[in-house]
Amino acid sequence: MANFTKKEIIQEVSDKLGITQTLSSKMLHLVVDIVSRELAEAKNVVIRDFGTFETKVAKGRPGRNPKDPTKTIPIPDRAIVKFQVGKALKEKVARTLPEIKARDAE
């Protein structure tokens, strides 16, 4: 399965907007920095029709030491980011089911 990389995003934005790859790269990094900053401030980031990045608390739980499974190790609460897909993106991705099944069958 091939990934679509940051470099390819920068190239496509550059091509579609007719700007340099340097400017396109700066724009992408700025967007990522803004989203990261807001999430680090425990705010949710909503991008309509794409989805919502939500900050949540993953509750602590008892864990096991793999080297000594008899010992219980407390895993503390931690802040996490969850992504909830938007309606438009969910519908677009749902239409790719035949392609995904064909790819996975190979």
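The values are calculated or read from the model by the stated rules, or taken from the named source; none is laboratory data. Fair warning: this is a prediction, and the values are worked out from it, not measured in the lab. As a convention, Cβ positions derive from the backbone with ideal geometry for all residues, glycine included, and neighbour counts pool all protein chains shown.
Below is a table of values for the structure above.
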item: Top-ranked residue in segment 1-26 [being in contact with a Leu (Cβ under 9 Å, 6 or more places away or on another chain) and among the aliphatic types (A, V, I, L, M); ranked as nearest to residue 53 (Cα to Cα)]; result: 9
item: Test for residue 9: is it surrounded by 10 or more Cβ atoms within 10 Å (Cβ to Cβ) and not in a helix (DSSP H, G or I); result: no
item: Answer residue from segment 29-50, given it is over 22 Å from residue 78 (Cβ atoms) and touching a helix residue (DSSP H, G or I) at 6+ places or on another chain (Cβ under 6 Å) and is modelled with the lowest pLDDT among those; result: 49
item: First in segment 83-105 and in the same structural domain as residue 48 (by TED's automatic domain parsing), second anywhere and exposed (fewer than 11 other Cβ atoms within 10 Å of the Cβ) and of a type in the set (A, V, I, L, M), Cβ under 9 Å, 6 or more apart; result: 103/1; 104/1
item: Residue in segment 89-103 that is in contact with a strand residue (DSSP E or B) (Cβ under 6 Å, 6 or more places away or on another chain) and exposed (fewer than 12 other Cβ atoms within 10 Å of the Cβ) present; result: no
item: Filter pass, residue 49 being on the phi > 0 side of the Ramachandran plot and either among the acidic types (Asp, Glu) or more than 22 Å from the chain's Cα centre (by Cα) (or both); result: yes
item: Unique match (being of a type outside the set (Asp, Glu), under 16 Å from the mean Cα position of the chain (by Cα), within 30 Å of residue 2 (Cβ to Cβ) and part of a helix (DSSP H, G or I)) among 90, 101; result: 90
